[in-house]
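Written below as C-alpha cells is the structure these notes are about.
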Amino acid sequence: MHTWRQRIRPEQIRELSLIGLIVIALLIFGWQIENFLSARTFNRITSSVAIVGMVAIGQTLVVLTRNIDLSVGSIVGFTAYFVGSQLAANPGLPPVMAVVLAVLTGGTLGLVNGLIVAYGRVPAIITTLGTLAIYRMLLINYANARTITVDSLPSWVVELSRQTLFAIGDFAVRPLFAITIVAVIGFQFVLAYTVFGRRLYAIGSNPEAARFAGLPAQRTVLAAFVLCGMLAGMAGFLFLARFGNITAVAGQGIELESVAAVVVGGVNTFGGSGTVLGALLGAFLIDLLGQGLLRWLGISEFWRDALLGLLILLAVASDSVILGWLRRVWAAPALRAEVSNEG
Amino acid sequence: MQGSPVLEMRDISRRFGSTQALAGVSLRLYPGEVHALLGENGAGKSTLIKIMTGVHQPDSGQILLDGRPVRISSTLEAQRLGIAAIYQEPLMYPDLNVAENIFIAHAGRGPLVNWGKMYREAEAILAQLDVRLDVRQPARGLSVAAQQTVEIAKALSLQVRVLIMDEPTAALSAHEVEQLFAIVRRLRAQGVAILFISHRLEEVFEIADRITVFRDGRLISSAPRADVTVEQAIRDMAGRSVEQLFPRRHTVRDETLVQVRDLGRQGAFHGVSFDVRAGEVLGFAGLVGARRTDVGLALFGIAPADRGTITIAGQPVRIAHPRQAMRHGIAYVSEDRRGLGLSLPMSIAANITLPTLRRYLNPLGLLRRPAEMATAEEFRRRLAIRAPSVEVEVGKLSGGNQQKVMLSKWLNTRPRLLILDEPTRGIDVGAKAEVHQMIDDLAAEGIAIILISSDLPEVLAMSDRVLVMREGRQMAIFDRHEATQERVLAAAMGQRDAA
C-alpha cells in the first residue's frame, strides 16, 4: 500500500508547488522581459537570496517553536558593521576568525533575545521588537556616522561576491550563495535527524504535550534564538562581503523579508511544521517576483515592500485554506484504506 | 402543590454520538421551590442544564414556560425568558467593576452609560440580597463567593424566574456556604424557582424542597425532601447499568512498588496515602472536583507535591519534574489527548518516540528513523492501531486510535508505574473494551497501574483496590470485594459507610 498519496504529504506539496510557482514565474518573465533569463539576473537573485536565505534558516528554527525574531535585521547590520570595522582595523585577520567573530557576535545578540523570551517569559514579538530597536541603536552609536568602505576591507572579503566557485553554463555560482546552500542542507538535516530538531517541532506543535514528555522547552527555545542570532551574524558577514560599503542602516528590513520567506515557504506561523528548504524556496520566489515585476512593470522599489506584505497575507491565507483542503483530500483515501484494512 | 410550574421539561431526550445523554426526562420547576438534582458523573445533569440555558437543543421533547411551549435557541433567548445559570467558577470580566458586571448583559439602555444610575441600581439589587459589596470595586480580586453573588445579582437584574445553580458551593468555605444559602432562601421567598445541583448531600438535604435523582440519562426518583433519606438517594444514584463487566485476572504480586504517605499540595489535595504493588490496578474514584488528577500530576512531577513522601521500590524519591518521574519509571497518560498528550501535526512514529528520543540515536548522535518506525510498527500491531502507516499524522486518527498512540508513547518508556487518567473518556464502546483488555494485560506483565476514572462501573470492574477521594481528601480505600457502587458513592459524597 505505498501509493504516491502516502509517500507525499500535503506539507511537501507546499514545497513542490513553490517550485512550480518559481518555474511559472521564470517562464512568464522570460517570455515577457528581454534578457531576463540571463547570468546577470541569476547572479542578482542568488546574491540577494544568499543573505535573506541565511537569515530565513534561523527564522525557521524560531518560528517552528511558535516564536518570532524581529531583531534579525539589526543583528545583520550590527554584525556586518562590527566585523567590517574589525577587518578594516586588522586586515591580517584570518578569514576563519572573521567568520567566527560574525557568528559569535550574532549568537550573543540572539542569546539576549532567547534569555528574555525563554526565561523571562516575555512574548517573542515584544522582546524582539524591543531588541530590534536597541541593537540598531547600539550600531548607530558604535558607527558614529562613519561608513565602512570597500576600499578599507581586505580584498578576499569582496572577492567572495565576485568569484565564480563553479559555473553551470553561463550561470556562475558565487561563494556567498554556495555557503547559504550548504547551511540550508545542514539545517534541513538537523531538523530531520537530530533530537534538537524533533524537539523544535514538538514544542511548537503542542507545548503542553512537550512538557508532559519531559522535554526541556526553555533550553530548546533559547537554543533556537541563539542559533537564529548566529545565522543572522553569518548573514551579516555575507552582507559585508556583498556590499562592502556598510552604514548604520545596513540590514534594515531583512526581518520582514525573512519572515516573508518563512511564511511563503510554508512554515506554520503557529509552529510545529515547515522546513528550512521551504523557507529558502520562499526567499527565492519572493526575490524572483520582486526582480521580475520591477523590470516588467517598472514598479518602484517602494512597491517591493507592499509586494512582501501581500505575499505574506496570501501565504497565510492559503496556509489555512489550501492546506486544509489538501489535508481533506488526502484524508479521504487514507480513511478508505483504513476501512479496507479492517475488512 | 404550589400552583402551576414556571418551567416544565417534558420527555426531553438528547444524544451525543453513541451516548444517550438524556432519555425521556421530565421535570417541573415551581416558583418558590428549591429543586435539587443529584446524580453521578455523566448522569445527564449537565446536559439538562445546557438544554435549559439554550446551549444544546433537545432531540425530542417539549419545554413549557408558564404552560406555553417555548424554544430556547440560545443563551440570549434563555436570558430573555428569565432563565439564568451560575456555576462553580463564575464568569466575570475581571477589569470591570461590580456594577458593570451586573449590567453587562443589558441591552436597550441607550448608547451612553449613566454611571450614577447604574451604581444606584446595582446597590439596590445587592441590598435586595442583603449583601454588602462595593459596586465600584473591580471584579478582579473578589472571592469566588462574592463573584457568585455578583452573578446572582446579574440574574436578578434580568428578572430571573428560573435560577440554575451548578455546584455553587464546591469552592466555598462553610461560612460562605451559609451566606449563599441565606441568599437562596431569600430568592425562594421572592418566588424564584431554583434548580440546585451539588455533590454535597448534607447541603442538598439542608436547602432543597424536592430531590430528584438522575442516573444514565434517566430520571430515577423525584420526591419531596421529607420523603427521601440519604441512603435512598445514594441507592438511586448507584446501580448504574454496566454494559459488560470486564473479567479481570488476578495479577497482583507481592512486591510493593510505590508507597505514598501523606502526600499533599497546597490548595489542591492533602493526606493522600496508599501503596501500589506490581501488577496491581489501584482505582481512583471520586466525583467532579475530587482532585484525583492532581494526585496523578504530583506523582508525575507536573505539579509537584509540597508535602509527604513517595517511595519507589524501597527508595525515597523526590519528583519535581516529569523527567525525574520518567527516570523512576513513572508514566502518565493524560485525559486530554489533544491538549496535553499528542502533537497532532506530527506522525504516529514521532509522537511515540518523543519522550524516548535518546534511545534512537546512532553513534553520530543522529536519529535512526528506521528504528523509530520499527518501534511504532510494533506498537501499531500490538495495540491494533488502525492507520494506513505509522507516518500518518496523529490528528487524522479517531479518538480511540489516538488514545492507543498515547498509550504506546508511554508504554515505550517502559514504565513500572502507569498512571491512566480517564483512559476511556470519549471513545466508543469497542475501543473501550480494547483499553480494558490492555490494562489487564499490562497488569499481568507486572506494571503497577493507577486508574483514574469518573466511570464508576469501570473503576470497580478494573481495580484490585479502589481509593475514593472527595474535595482533595482521601475518604477510603476499598478492596475489590468490598467496593460496591453504593459504598464508593457514599464515600465520594462524604457520607459514612452506607452499606
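Throughout, read-outs are computed from the coordinates displayed, never taken from laboratory work. Model, not experiment: these values are computed from the prediction. All Cβ positions, glycine included, derive from the backbone under ideal geometry; neighbour counts span all protein chains shown.
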What do you get for trypsin sites (Lys or Arg not before Pro) in the stretch B:337-384 restricted to DSSP loop and a cutoff of at most 16 other Cβ within 10 Å of the site's Cβ?
B:Arg368
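For the protein assembly as shown, what does the equivalent ellipsoid look like in terms of its semi-axes, each the square root of 5 times an eigenvalue of the Cα gyration tensor, given largest first in whole Å?
Here the semi-axes work out to 59, 34, 26 Å.
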For residues of A:195-205, the mean tally of beta carbons on other chains within 10 Å
4
Inverse mean reciprocal Cα-Cα distance (Kirkwood Rh) of the stretch A:3-328, Å
20.1
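Based on the Kirkwood radius over alpha-carbon pairs, what value in µm²/s does the Stokes-Einstein equation return for the translational diffusion coefficient of chain B at 4 °C and 1.567 mPa s?
Roughly 52 µm²/s, to the nearest whole number.
For the protein assembly as shown, what proportion of DSSP beta bridges, expressed in % and rounded to the nearest 5, is antiparallel?
Working: 48 of 85 bridges.
Antiparallel: roughly 55 percent of the beta bridges in the protein assembly as shown.
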Fewest-first sequence of B:Leu467, A:Leu21 by Cβ atoms within 10 Å of each Cβ
A:Leu21, B:Leu467
Can you tell me the dipole magnitude for the stretch B:453-499 around its Cα centre, using point charges on the Cβ only (Lys, Arg +1; Asp, Glu -1), in Debye to the nearest 20?
180
Would you kindly work out the equivalent ellipsoid of the stretch B:39-184 from its C-alpha gyration tensor and give its semi-axes, the square roots of five times the eigenvalues, largest first in whole Å?
27, 20, 13
Note to self, chain B gives a 222 nm [θ] from helices alone (DSSP H runs n ≥ 4, -39500 (n - 2.57) apiece, / all residues, nearest 500) of -9000 deg cm²/dmol
Using only the alpha-carbon atoms of the stretch B:66-143, report the extent along each of the three principal axes, biggest first, to the nearest angstrom.
41, 32, 24
Trypsin sites (Lys or Arg not before Pro) within the stretch A:129-217: DSSP coil, no more than 15 neighbouring Cβ in 10 Å:
A:Arg146, A:Arg162
Taking each residue in B:337-345, count the Cβ atoms of any other chain within 10 Å of its Cβ, then average. What number comes out?
6
Roughly what % antiparallel, to the nearest 5, for the DSSP beta bridges in chain B?
55
Too long for a 21 Å Cα-Cα cut-off, among B:Lys50/B:Lys404; B:Lys45/B:Lys404; B:Lys50/B:Lys154; B:Lys50/B:Lys432; B:Lys409/B:Lys432, are B:Lys50/B:Lys404; B:Lys45/B:Lys404; B:Lys50/B:Lys432
Inverse of <1/r> over all distinct C-alpha pairs of the stretch B:435-499, i.e. the Kirkwood Rh in Å, gives 12.4
